[in-house]
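> Dumping the structure here so I can ask a few things about it.
Each value in this text was obtained by applying a stated rule to the coordinates, not by laboratory testing. Predicted model only: the values in this text are computed from it and were never measured. All Cβ positions, even for glycine, are placed from backbone atoms using ideal geometry, and neighbour counts span all protein chains on display.
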Amino acid sequence: MQFHPETCHKTIQSPWGALWLASNPKGLCGAWFENQKHFPDTQSWVEDKQHPILQQAAQILFNYFQQKWPAHSSAQQVLAKLPLDLSGGTDFQQAVWRALMSIPIGHTCSYGELAAAIGRPKAVRAVGTAIGRNPISILIPCHRVLGNHGQLTGYAGGVWRKQALLQLENANISSFNKPK
């Protein structure tokens, strides 16, 4: 991914480790667990603990950690007033990331269902790759996508974090598409 030259960052603590937040003049462009897969090169980024978009994102995440998101709300609803910049991704990736934002808290779907939702039912693998490159962890809820039979498949921040996020959301994965 390419990042705007004026990208700034702030680090916050989550229940699962340090979380890097990044913003640029267009909006929030990143949220990564420290040392996760696809962690960007941040050497040229300036730390800005007072940046308004980073503060807003941090508050939304703190509310999430304390389970203060409205039940069954989607990221689209929660993030309605937070500008996001997804322009570092391809058109396809951006479509996948936007589709992720429609999955309500406490709910899950499969990679195949997400591929169908964006009108590309045969692009399941490509959808999985795009999900893996999601630049805004938690807020764009890629952790809510499960394998075909409800298995906890890959997560750039670690499958153990994916499981913890789903547990925090009280997501019922035990009844998800169980094989008959």
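> Return P(r) of region 2-152 (all Cα-Cα pairs; 10 Å bins starting at 0; whole %; ordered from short to long distances).
Per 10 Å bin, starting at zero, the Cα-Cα P(r) for region 2-152 comes out as 11, 41, 36, 11, 0 percent.
> Assuming R0 = 22 Å, can you tell me the calculated FRET efficiency for the pair Lys26 and His107, based on Cβ-Cβ distance, to the nearest 0.05? Don't jump to the answer; show the numbers that get you there.
Working: r = 29 Å, r/R0 = 1.32.
Efficiency, from the Cβ-Cβ distance: 0.15.
> For Asn172 and Asn148, FRET efficiency with R0 = 22 Å and r from the beta-carbon atoms, rounded to 0.05? Write down the numbers at each step before the final one.
Details: r = 17 Å, r/R0 = 0.76.
With R0 = 22 Å, the Cβ-Cβ based efficiency is 0.85.
> Once both axes come from the Cα atoms, what is the angle between helix 52-65 and the longest principal axis of the chain, in degrees from 0 to 90, rounded to 10?
The angle comes out at about 40 degrees.
> With labels modelled as points extended 7 Å from the Cα through the Cβ direction, what inter-label distance (nm, one decimal) is found for Gln76 paired with Lys37?
The answer from the label model is 2.8 nm.
> So, one more: Give me a comma-separated list of calculated 3J(HN,Hα) values for region 113-120, in order, Karplus coefficients 6.51, -1.76, 1.60 applied at θ = phi - 60°, integers in Hz, x for any Gly or Pro.
Values, residue by residue: 5, 5, 4, 5, 5, 9, x, 10 Hz.
> Could you give the length gained by full extension between Phe92 and Lys68, i.e. 0.36 nm per residue of separation minus their alpha carbon distance, to one decimal place? Don't jump to the answer; show the numbers that get you there.
Working: separation 24, 0.36 × 24 = 8.64 nm, distance 3.17 nm.
Extra length from Phe92 to Lys68 when fully extended: 5.5 nm.
> Measuring from centroid to centroid over Cα atoms, what is the spacing of region 104-179 and region 48-62 in Å?
After rounding, the separation between the Cα centres reads 25 Å.
> Amide H of Leu84 versus every other amide H placed in the peptide plane: which residues, excluding those fewer than 5 positions away on the same chain, fall under 5 Å?
The answer is Leu28.
> List the relative contact order of region 27-180 as a percent without decimals, with contacts defined as Cα pairs under 8 Å and 6+ residues apart.
Working: 186 pairs, mean separation 42.3, N = 154.
Contact order relative to length: 27 percent.
> Same structure, new question: Give me, ordered by chain and number, the residues 5 or more places off Ile136 or on other chains with an amide H under 5 Å from its own placed amide H.
Ala31
> List, in order, the whole-Hz ³J(HN,Hα) value for each residue of region 158-169 obtained from phi through the Karplus relation with A = 6.51, B = -1.76, C = 1.60 and θ = phi - 60°; use x for Gly and Pro.
x, 4, 4, 6, 4, 4, 5, 5, 5, 5, 4, 7
> Tell me, what is the Rg over Rh of region 8-73, with Rh the Kirkwood radius over Cα pairs? Display every interim value, and only then the final one.
On the way: Rg = 12.2 Å, Rh = 12.5 Å.
On the Cα set of region 8-73, Rg over Rh gives 0.98.
> Give me the one-decimal nm value for the distance between modelled label points at Met1 and Arg125, 7 Å along each residue's Cα-to-Cβ direction.
So the two model labels end up 2.4 nm from each other.
> Let me ask something else about it. Could you work out [θ]222 nm for the chain from helices alone, using -39500 (n - 2.57) per DSSP H run of at least four and dividing by all its residues? Round to the nearest 500 deg cm²/dmol. Can you show the working numbers first?
On the way: 6 runs with 54 residues, N = 180.
Rounded to the nearest 500, the figure is -8500 deg cm²/dmol.
> Quick one: which residues, 5 or more positions from Ser110 or on another chain, have an amide H under 5 Å from its amide H? H modelled 1.01 Å from N in the peptide plane, none for Pro or chain starts.
Long-range HN contacts for Ser110: Leu146.
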